[in-house]
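Structure, as structure tokens:
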Amino acid sequence: MKGQDVLFSSKSDEWVTPQSLFDELNDEFSFTLDAAATYENTKCRLYYGKHRDRFIDGLDLSWHHPSNMSHVVWCNPPYGNIKEWVKKAAWESISSDLTSVLLLPARTDTKWFHEYIYKSNREIRFIKGRLRFSSSKNSAPFPSMIVVFRPTYEGTK
């Protein structure tokens, strides 16, 4: 498949984060854990996902650091089950007292957007224009957003 065709296919739901976008956000947040990565595309030294010889599922494991030092989590989840990743980030921000930042398609018409992001008053940063993911020659056929889940967020009670 070529170009945008693959973005609509089920061949892959993994899209490599553009390095410049990650670098800009990493300067702000200082990420310590990439919650959904592969050995080839991880943005952090510590990551959950596909390792060379095993799979460590970021949906099943806590994002909390065992030494009580909270991770600052980066997550560009597989787009095939975004709802579960958004739900996990929301839960981890409250239960583990950590900040996580997700790169997501801006699907403001979905239930997961309204239930876990908009209704919960999370920080939403819409990205102007269309991203060109590192694994694609063309820009994405959908808009993207950055969503920040914090343990406490101004505007929440």
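Which of 118, 79, 39, 48 has the fewest other C-beta atoms within 10 Å, and how do the rest follow up to the most?
Numbers: 118 14, 79 17, 39 11, 48 22.
Fewest-to-most ranking of 118, 79, 39, 48: 39, 118, 79, 48.
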Could you pull out every residue, at least 5 positions away or on a different chain, whose amide H is within less than 5 Å of the one on residue 47? Hs are placed 1.01 Å off N in the peptide plane, and Pro or chain starts have none.
34
5 angstrom amide H check on residue 65, placed H, neighbours 5+ away:
71
Going by how many other Cβ atoms sit within 10 Å of their own, how do 74, 91 line up, fewest first?
91, 74
A 23 angstrom limit on the alpha carbon distance is what I want to check against. Which of 50/111; 87/111; 50/128; 50/88; 88/111 exceed it?
50/111; 50/128
Here, residue 94 and residue 114, labelled 7 Å along Cα→Cβ, have an inter-label distance in nm of 1.9 nm
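All of the numbers you see were taken from the coordinates with simple rules; none came from a lab. What you are looking at is a predicted structure, and each value in this text was computed from that prediction instead of being measured. Ideal geometry is used to build each Cβ from the backbone, glycine not excepted, and the neighbour counts take in all protein chains shown.
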